[in-house]
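Novice: I have a structure here, written as structure tokens, and I will follow up with some questions on it.
Just so it is clear, none of the values below were taken in a lab; they were calculated from the coordinates. Quantities reported herein were computed from a predicted structural model and do not represent experimental measurements. All Cβ positions, even for glycine, are placed from backbone atoms using ideal geometry, and neighbour counts span all protein chains on display.
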Amino acid sequence: MLSVFISLVSLPPMQQKPIIIFDSGVGGLSIYQEIRAKLPFMPVIYCSDNEGFPYGPKPENDVIDRTLHCLTRLVVKFQPALAIIACNTASTVSLPRARQLLDIPVVGVVPAIKPASQRSKKRIIGLLATPGTVARDYTDQLIHEFAKDCEVIKVGSTELVHLTEQHLRGETINPDDLKKIIEPLFSGNNWPDCIVLGCTHFPLIRGLLDSIVPAPVTWVDSGEAIARRVASLLQTLHSHHEEPEHRFFYTGSDKSVTPLLPTLAAMNFSEITRLK
Ligand code: DGL
């Protein structure tokens, strides 16, 4: 009798705690897309620290301070189920501290060296990331642990981060600018067959990159693996049928966000506000 009663009464859906996705700019949107595909019922609070953008050329301590400061504010304000540092530049230096500081699971995004090593037949891997990420000890440790027998050609570029930001604002990217950036990957006699997109911005322009490489390559990034990891940590049952509310916050000027509005609307963000 009771079960009949429950099935007839429309109970209000339990408030689902959101997932925080944090990045300096729009790069974390590549992770957001994977999260939406894997966990379509989870509400997302996206935060771009556009006041501190770009993180790539910043000293490590500045990146750590900004990341911890923003995450703490977000956790206090939104009481999330989990936070993703959707930025390789920040994750490679701030993860241990963020996990110590916050009492929720914190997932970091780091360069996908291991899957690239598993896929590279030539044992030559390219790493396209920010200047910060290519210089990190953490990145060297990943290479040492998972790709010891590979040659890893590293290219750090802040310009590519800026070009991605422009692309998402509807601006046209000159293919020659992209060619110049990736040139060092193909300057020697041995070209990589796998390229790690070790910055969350870059999967957002994978198609453009693919159209200008001089030889076919396999592009590898961490997005899908991150969504799988989040799903296993949350072990949430799919209980809602409607698309939840996704909200986009930023820390700096409105001016840099205005040209992003069409992209953010197309990605189903229902609110776009400065973080207060
Ligand atoms: N999207 C970020 C990353 O994955 C960094 C971009 C930047 O602010 O330099 O490293």
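Novice: Find how many whole Å separate the alpha carbon centroid of region 72-134 from the alpha carbon centroid of region 147-221.
Specialist: Region 147-221 and region 72-134 have Cα centres spaced 19 Å from each other.
Novice: If you project the alpha carbons of region 126-276 onto the principal axes, what extent comes out on each, in Å, largest first?
Specialist: Computed over region 126-276, the largest-to-smallest principal extents equal 51, 39, 28 Å.
Novice: Please give the calculated 222 nm ellipticity per residue for the chain, where each DSSP H segment of at least 4 residues contributes -39500 (n - 2.57) and the sum is spread over every residue; nearest 500 deg cm²/dmol?
Specialist: Theoretical 222 nm ellipticity from helices: -12000 deg cm²/dmol.
Novice: If you plug each phi of region 69-74 into the Karplus form 6.51 cos²θ - 1.76 cosθ + 1.60 with θ = phi - 60°, what whole-Hz ³J(HN,Hα) values come out, in order, with x for Gly and Pro?
Specialist: Karplus values, whole Hz, x for Gly and Pro: 4, 5, 4, 4, 4, 5.
Novice: Could you give the alpha-carbon Rg of region 179-235 over 2.2 N^0.38 Å, rounded to two decimals?
Specialist: 1.39
Novice: Figure the gain on full extension for PHE41 and GLU145 (residue separation times 0.36 nm, minus the Cα-Cα span) and round it to one decimal in nm.
Specialist: 33.9 nm
Novice: Return the Cα extents of the chain along principal axes one, two and three, sorted largest first, each rounded to a whole Å.
Specialist: Principal-axis extents of the chain (Cα, largest first): 74, 41, 36 Å.
Novice: I'd like the Karplus ³J(HN,Hα) series for region 173-188: coefficients 6.51, -1.76, 1.60, θ = phi - 60°, whole numbers in Hz, and an x wherever there's a Gly or Pro.
Specialist: Rounded to whole hertz, the list is 9, 6, x, 5, 5, 5, 4, 4, 5, 8, 3, x, 6, 10, 8, x.
Novice: Taking the Cα centre of the chain as the origin, how large is its charge dipole in debye, to the nearest 20, when only Lys and Arg (+1) and Asp and Glu (-1) carry charge on their Cβ atoms?
Specialist: 460
Novice: Helix 88-101: angle to the longest alpha-carbon principal axis of the chain, degrees 0 to 90, nearest 10?
Specialist: The angle comes out at about 40 degrees.
Novice: Could the peptides 91-100, 40-49, 250-259 be put in order, highest first, of the mean number of other beta-carbon atoms found within 10 Å of their residues?
Specialist: So the peptides 91-100, 40-49, 250-259, ranked by packing, come out 40-49, 91-100, 250-259.
Novice: Next question. Counting Lys +1, Arg +1, Asp -1, Glu -1, what net charge surrounds SER222 among other residues with beta carbon under 14 Å of its beta carbon?
Specialist: +2
Novice: Counting only residues 5 or more places away or on other chains, whose amide H sits under 5 Å from the amide H of ILE84 once H atoms are built in the peptide plane?
Specialist: Excluding prolines and chain starts, which carry no amide H, the hits are ILE20, ILE21, PHE22, VAL107.
Novice: Can you tell me which of 28-36, 71-79, 111-119 comes out highest on packing, and rank the rest after it, using the mean Cβ neighbours within 10 Å?
Specialist: Result, highest mean first: 28-36, 111-119, 71-79.
Novice: Against the longest alpha carbon principal axis of the chain, how many degrees, from 0 to 90 and to the nearest 10, is the axis of helix 137-146 turned?
Specialist: 80
Novice: Could you sort out which of LYS121/LYS180; LYS58/LYS154; LYS148/LYS180; LYS17/LYS38; LYS154/LYS179 sit more than 20 Å apart by Cα distance in this structure?
Specialist: LYS121/LYS180; LYS148/LYS180
Novice: Just flag the GluC sites (Glu not before Pro) in region 139-207 sitting in loop per DSSP whose Cβ has no more than 14 other Cβ atoms within 10 Å.
Specialist: For GluC sites (Glu not before Pro) across region 139-207 that sit outside H, G, I, E and B with at most 14 neighbouring Cβ atoms in 10 Å, the list reads GLU171.
Novice: Let's see if you can work this out: charge +1 on each Lys and Arg Cβ, -1 on each Asp and Glu Cβ, no other charges. What is the dipole magnitude of region 47-98 about its Cα centre, in debye to the nearest 20?
Specialist: Approximately 160 debye in magnitude.
Novice: While we're here: Quick check for me: using +1 on Lys/Arg Cβ and -1 on Asp/Glu Cβ, what's the dipole size of region 131-276 about its Cα centre, in debye to the nearest 20?
Specialist: It comes to approximately 340 debye.
Novice: In which sequence would THR218, THR89 go, from the one with the fewest C-beta neighbours within 10 Å to the one with the most?
Specialist: Sorted ascending by nearby Cβ count, the order is THR218, THR89.
Novice: Could you point to the residue in ILE195, PRO105, ILE125 farthest towards the positive end of the chain's charge dipole, with +1 and -1 charges on the Cβ of Lys/Arg and Asp/Glu respectively?
Specialist: Result: PRO105.
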